[in-house]
Amino acid sequence: MTRATAAQAWRDGVDRVLRAPAIIVGVWLVTLLISVPLALSVRVELMNHLGTSLAAQSAAQSVNYEWMQEFADQATGLGATVRPTIIGFAAVLDNLSAIADAVPRPVVVVGVAVAYVIVWLFLAGGIIDRYARGRVTGAHGFFAACGGYFFRFLRLAIVMGVVYGFLFGLVHGWMFDELYPRITRSVDVERTAFLIRGSLYLVFALLLAAANVMFDYAKVRAVVEDRRSAVGAVVAAVHFIRRHFAAAVSVYALNVIVFGLTLAVYALLAPGAGSTGWLMWVGFAIGQLYVILRVSVKLIFWASETSLFQSRLAHAGYVAAPTPAWPDSPTAEALRAAPTR
Amino acid sequence: MMALASLTAAAASHAEVTGTIDPPLSPRNASYVIDAKLDPASRTITGSEVILWRNITTKPATELQFHLYWNAWRDDRSTWLREAKLGARRPVPAVRPDERARIDVTALGVRGSARADLTTVMRFIAPDDGNTDDRTVLAARLPQPVAPGGSLTIELSWTAHVPRTFARTGVIGNYYFIAQWFPKLGVLQDGGWNCHQFHNGTEFFSDYGSYDVRMTVPTGWILGATGVEREHHDNVDRTTTHRYHQDDVHDFVWTTSPGYLERHARFEHPTLPPVDMRLLIQPEHAWQADRHFEATRAAFQYYGEWFGAYPYGHITIIDPAYQSGAGGMEYPTLFTAGTRLFALEHVGDPEDVTIHEAGHQFWYGIVGTNEFEDAWMDEGINTFSEARVMGTWAAPTHFGQRYFGGFIPYLFKDIVINREDVWNHLAGYRRAAKEDVQSTPTYRYYPASGGAITYDKTALWLNTMERWLGWPTMQRIMSTYFSRWKFKHPKPQDFFDVANEVSGRNLNGYFDQVYRSSNVFDYGIQDLRSDKDGDKYRTVAVVRRYGEAIFPIDVRVTFADGKQVVEHWEGAERWHLYTYEGTEPAVSAEADPGHVLLLDVNRTNNSRTLAPLNAAGPEAATKWSLKWMVWLQDYLLSWSMFV
């Protein structure tokens, strides 16, 4: 494998994702299946509140804001999150803003998010393994890799949890609950406060990105090099990023741009409140296309980072112990498939 | 009549606005001449004042009582700060000692035949809660009583420290907003002094008079104040003294900052007197100047047409500095609006707050109610009026939400805000409906929910009255009340009396429900059935009063052939049964189909439908649960980025 530039690695990552559509579909289905029971629960709650009221007609045809407020005032748990901000692109803004401002969500929603993250951790091994090999691994191979790496990734998740917990629990609180109020306490021009807050968002986003890229490469190295130590994989990831800083950052930046473009496209196409009937399903389908795009973007992050890593370091000298046994490790497989120099 | 009004308006359009009004519009029994100097370095104000006060009660006055509002922020033991903690949803931010306020009267005396120095007999009293640590009311016994109709000239000197902003008063950076800042007499009534301590949830009350005020500030700083600037001159110490004057007002406020931009416009109307508008706006909001002027014009137009004319001929609009905490407040001939760096059009901000505060010139400024005791009479009546203007002039407006620390606004095109529910704040009322009885003196409301009882509930019950009696009757009630009580201090019964008189109905039962009770209104259709009985359908509709409050409502039953039967129910029983026999089954039944009773806290149960219309419920539930699902998926995917 020749040494790829960031752009080449990114394009190769896109290719790898597109060549494995089953993964996109699979992850989308997982996202759908996790959310469907909750949506059904919300539906029951909505139906119970609407009963046979005439209010249902306007709620069906457009937005019955009066009813929506009435519902939200008496709802708890999941129902309490049924607010105007679920409509169209506002949903995206709402969630990004909630992350940026560390807005707490109902416990049940957070619980589902934790479960979803665990599912991703399970799938991560199979997904990266599939992209690393660049060939069909089949359901058996895919899930074998998922299972093989799951417990390693759970250990890695502890490290990730500590780092992200530190960032969201301490750094975010310090930046936005202490530093920001202190800096802006005597600011009497909103533009200044906005710039300060924007700068803090940027700094926090960079910290998140740094952690994110580090853990991405930790997973990539864990899979590609069949590493068992979570800490070792993180250390190896840091080494890789340090030695290939420009390329690693460039690949990540390209992915962030694509992420931004995805949001921009959805901002333009996101359906409004809409009506019922087939238009409702068209709106839902647009929403699912957006979800598929978001899933794809996440997968492109991993695929392009895998591609970059493999193009730069996937040779025997960088394979972690134990020595790979044919044909277990993707690295070994890559070496075997590599053209003779 | 119209021609005469036009002539008057035209004549007024040529008159120079000086702040002098002749003949007097008010009793002018508490007039102030004040001289104050601001020292930005030490953030202190040194002032002296002369009050010409007249006893307009039927009882002799044996003592004087003054408000010293700024002592509310002197320490944590004041009633204001204790109440702030009681009602706070989050901890009250700590302030540094140098950011606290204080006002110290250094000399108090009376002139004339009863000349006396009262400095040594000054004492703090706490008429509301007996809090001996509260220093917001100062009393001094007079050497000899002032007989009814008698006058007194009072002299005071004081020093005050300007706080970091509390309750729209204070300083941030070089932005000063100076309100409730001078020792101010309470209102003497036949029952004695009405001079409440400063409370966290209530505002102010004082007598009308003329104000002539000199304010000395650094040269080059822009100054805005109640009234009209009569003169200004520069001093040798790089300060400038501005003199403002205004007759027939009950308060005086001022603001100064080197950062203001100044804009001017004018309100003109065929039948209303013109108003010169002066806007002091933050540079970052300069592009929103016209929005402030247009909203103020709308307020003067509609309030003028509906209630009565604004007589002062000028208004100063203040766009306060960011984080000054001075936004959304009313003072005579001056009000503060409040906008944001990013302010989308058609969301209602800053138009809403501008109309509300401009509207207070009528309900507070001109009709001078007691905000300590009956805050609903200015805030509630004004919210009702403002909502009517927003529904008339600003429509359509849309729901908006702010994200990312409140900086980024987003407009929901699909959600058009209506006056009845949103501008009247039904949601706010619903959450606090049982918290307090409105007739409780406002300063005794629970601090966290007092606003909903004061603003929201009043707007809803006045709007309900409008829908019940019709706007022409309601407009006559409001304009008669305005005309009869302008430049006076009406009490709630005065409003009720006008409403009964003008409507020609006894509305006391209604006022008992909405004003003298915390009961909630909730009517609903409990049951609707249409059973086939031979060739006919037997339809049963049960309407129920779920809430404790009573209001007469209509009940409408609609049949499959489109025929509708409207029944009138007095609403006093807990439930009522309607039965029908006919060839068609019922399709729906609605309690209060005209949506007259805006205080109904649960509208969803007001109607029931039978097949096939009831498919709408599952359809609506499906639609909204699908939207919610995409929101949830996006939320989940947002967290997946950290895997």
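Key figures
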item: Point-charge dipole on Cβ atoms (K/R +1, D/E -1) for the stretch B:294-380, about Cα centre, debye to 20; result: 260
item: Space enclosed by the convex hull of the alpha-carbon atoms of the stretch A:1-99, per residue, Å³; result: 160
item: Dipole-positive endmost among B:ALA72, B:THR473, B:MET629 within the protein assembly as shown (Cβ charges, Cα centre); result: B:MET629
item: Signed unit charges on C-beta, dipole axis of the protein assembly as shown, positive-most listed residue A:LEU254, A:VAL234, A:LEU167; result: A:VAL234
item: Cleavage-rule hits (trypsin sites (Lys or Arg not before Pro)) in the stretch B:543-635: DSSP loop, at most 14 neighbouring Cβ within 10 angstrom; result: B:LYS563, B:ARG574
item: Only Lys, Arg (+1) and Asp, Glu (-1) charged, at Cβ; the protein assembly as shown dipole about Cα centre in debye; result: 4140
item: Extension gain, B:GLU294 back to B:GLU573 (0.36 nm per residue minus Cα-Cα distance, nm); result: 95.6 nm
item: Quotient of Cα Rg and 2.2 N^0.38 Å for the stretch B:507-643, N being how many residues it contains; result: 1.41
item: Principal semi-axes in Å for the stretch B:570-631 [√(5λ), Cα gyration tensor, largest first]; result: 29, 19, 8
item: Gyration tensor verdict on the stretch A:207-270 (Cα atoms; rounded if a/c is under 1.5, prolate if a/b is larger than b/c, oblate otherwise); result: prolate
item: Debye intensity ratio in log₁₀ form over the Cα atoms of the stretch A:179-223, taken at each q of 0.14, 0.17 Å⁻¹; result: -0.48, -0.57
item: Among B:ILE281, B:LEU334, B:HIS292 - extreme Cα towards positive end, dipole of the stretch B:246-358, charges at beta-carbon; result: B:ILE281
item: Sparse-neighbour loop sites [trypsin sites (Lys or Arg not before Pro); the stretch B:18-79; at most 13 other C-beta within 10 Å; DSSP]; result: B:ARG77
item: Rounded to 10°, Cα long-axis angle of helix A:6-18 versus longest principal axis of chain A; result: 70
item: Long-range Cα-Cα pairs in the stretch B:393-550 (distance over 29 Å), rounded percent; result: 38
item: Built amide H within the under 5 Å cut-off of B:GLU63, gap 5+; result: B:LEU142
item: Scattering profile of the stretch A:59-170 at q = 0.17, 0.20, 0.23, 0.24 Å⁻¹ [log10 I(q)/I(0), Debye over alpha-carbon scatterers]; result: -0.94, -1.07, -1.23, -1.28
item: Point-charge dipole on Cβ atoms (K/R +1, D/E -1) for the stretch A:91-196, about Cα centre, debye to 20; result: 580
item: Coarse-grained scattering of the stretch B:438-484 at q = 0.14, 0.24 Å⁻¹, given as base-10 log I(q)/I(0) from a Debye sum over alpha-carbon atoms; result: -0.46, -0.85
item: Interatomic Cα distance distribution for the stretch B:25-143, bins of 10 angstrom, percent; result: 11, 34, 33, 18, 4, 0
item: Tensor-based shape of the stretch A:105-230 (alpha-carbon gyration tensor, a/c under 1.5 rounded, otherwise prolate or oblate); result: prolate
item: When the stretch B:122-217 is reduced to its Cα atoms, the Kirkwood hydrodynamic radius in Å; result: 15.9
item: Point-to-point label distance, A:HIS140-B:HIS264, nm (Cα→Cβ direction, 7 Å offset); result: 9.0
item: Semi-axis lengths (Å, descending) of the ellipsoid that matches the C-alpha gyration tensor of the stretch B:464-516; result: 17, 14, 9
item: Square roots of 5 times each gyration tensor eigenvalue, C-alpha, chain A, largest first, Å; result: 40, 26, 18
item: In the stretch B:229-301, GluC sites (Glu not before Pro) in a DSSP loop with at most 15 other beta-carbon atoms within 10 Å; result: B:GLU268
item: Separation in nanometres of the label points that stand 7 Å from Cα toward Cβ, at B:ALA107 and A:ARG242; result: 7.6
item: Å³ per residue enclosed by the Cα convex hull of the stretch A:139-209; result: 89
item: Spread of Cα-to-Cα distances over 10 Å intervals beginning at zero, given as percent, for the stretch B:257-330; result: 19, 48, 26, 7
item: Rg/Rh for chain B, where both radii come from Cα atoms and Rh is the Kirkwood radius; result: 1.02
item: Contact order normalised by residue count of chain B, Cα under 8 Å, 6+ apart, percent; result: 10
item: Hydrodynamic radius of the stretch A:240-287 per Kirkwood, over alpha carbon pairs, in Å; result: 13.2
item: Cβ-derived FRET efficiency at R0 41 Å, B:LYS413 paired with B:THR271, nearest 0.05; result: 0.65
item: Per principal axis, descending, Cα span of the protein assembly as shown in whole Å; result: 116, 94, 53
item: Average projected area [Cα convex hull, the stretch B:284-409], square nanometres; result: 7.9
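We did not get these values from a lab; they are worked out from the coordinates using the rules stated. In this text, all values refer to a predicted model and were calculated from it rather than measured experimentally. Positions of Cβ are generated from backbone atoms using ideal geometry, with glycine treated the same way; all protein chains shown enter the neighbour counts.
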